[in-house]
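Student: The following block contains the structure, expressed as structure tokens.
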Amino acid sequence: MTTNIRQKTEGRAPKNFVTPKGYVLIALLLLAGIAGLNTHGYHGFINIGFSIVTAMVLDVIGGLIRRRKRMMPDGAIITALIVSVVLNAAVSWQIAAATTAIAILSKHIFQIRKKPIFNPAAFGLLMALIFFSSEQDWWGGFSLFPAWCIGYVIIAGFLVTQRVNKFPQVFAFLGVYFIAFLALSIWKMGDFSEVFRVPFINSAIFLAFFMVTDPPTSPSRYSEQIWFGVIAAIISVAIDVTIGGLSYLLVGLLAANVWNAWKVQRQAQAKNSH
């Protein structure tokens, strides 16, 4: 009997590590570990710790209130990691925890058909910009490293995107985003060369691979993924050109989230009418 059990379990990876969330979690931990040790010392890790604890507590409470069957807060941990590695690691742990709290609360408050409307991390980070004037340096995207190091972010993001099956979404976003800025530069409508340099290119690539690809807040069909990526890119570019600041990528993603929620609601209404 012992032999049979051993044979059945040999070669199996732990379940959490073969899920899409498992891939995202591993990738974010690796990027945060490498970036944190080589840039901010241990302060970034302190913020990550407080953010994760905050996210887990609030997500479990939210799950209990909604009587959710699955209580594993893995998605909340991913949100906490994204928030922590986007915020400047020098911000206080209180701001990191508060930003994470806003992100998790948005996940439970703003829902459509039992799924969050907004990417939680993007929502929390935008609110932190508005209310806390928090600095963001996207250090988890290797923005404080030499330009060639962005290759590591792309490799990690490629593996995550492959796992969640979101390549049309990512390519549509990055393609429209960079082509639009290139066209604006060619037409002499401004100097947008910084978009193609560190750290701005790091933030766009990190957002594309680790936030645009969020399955609960984005579509699954390829055609809809393309539209989602295009909308996120166009709004991002428009906000940067007209307003500027640090919020343009976050606003673009959240605008695409709203479009996706509208589409889901419209499809549900059409289905119920038949």
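The values are calculated or read from the model by the stated rules, or taken from the named source; none is laboratory data. The structure presented is a predicted model; accordingly, all values stated were derived computationally and were not measured. All Cβ positions, even for glycine, are placed from backbone atoms using ideal geometry, and neighbour counts span all protein chains on display. Heads up: the accessible areas ignore ligands, DNA and RNA and are worked out on the full protein's heavy atoms, side chains in. Shrake-Rupley method; radii C 1.70, N 1.55, O 1.52, S 1.80 Å.
Student: Looking at Ile179, Ile155, Ile130 in this structure, which one is among the β-branched types (Val, Ile, Thr), within 17 Å of the chain's Cα centre (by Cα) and part of a helix (DSSP H, G or I)?
Tutor: Answer to the selection: Ile155.
Student: Give region 185-200 a look and list any residue that's in a helix (DSSP H, G or I) and open to solvent by less than 40 Å² (accessible area, probe 1.4 Å), or say none.
Tutor: The answer is Ser185, Val195.
Student: Answer with yes or no whether Ala90 is free of Cβ contacts under 8 Å to residues at least 60 places away in the same chain and either farther than 20 Å from Leu144 by Cβ or buried (at least 20 other Cβ atoms within 10 Å of the Cβ) (or both).
Tutor: No: the conditions fail for Ala90.
Student: Hey, can you tell me all the residues within region 143-158 that are touching a Pro at 6+ places or on another chain (Cβ under 8 Å) and open to solvent by less than 40 Å² (accessible area, probe 1.4 Å)?
Tutor: Passing the criteria: only Ser143.
Student: For Leu105, which of the numbered conditions (1) open to solvent by 40 Å² or more (accessible area, probe 1.4 Å); (2) in a helix (DSSP H, G or I); (3) at pLDDT below 95 fails to hold?
Tutor: (3)
Conditions (1) out of contact with any strand residue (DSSP E or B) (no Cβ under 8 Å at 6 or more places or on another chain); (2) farther than 16 Å from Ile117 by Cα; (3) modelled with pLDDT of 95 or more; (4) among the hydroxyl-bearing types (Ser, Thr, Tyr), marked per residue:
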site: Tyr222; (1), (2), (3), (4): yes, yes, yes, yes
site: Val230; (1), (2), (3), (4): yes, yes, yes, no
site: Gly252; (1), (2), (3), (4): yes, no, yes, no
site: Trp259; (1), (2), (3), (4): yes, no, yes, no
site: Trp262; (1), (2), (3), (4): yes, no, yes, no
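Student: Restricting to region 25-71, name every residue that is at positive phi and either open to solvent by 80 Å² or more (accessible area, probe 1.4 Å) or at pLDDT 95 or above (or both).
Tutor: Arg67
Student: Within region 213-235, how many residues are assigned to a loop (DSSP other than H, G, I, E, B), open to solvent by 70 Å² or more (accessible area, probe 1.4 Å) and not small (Gly, Ala, Ser)?
Tutor: Qualifying residue count, region 213-235: 1.
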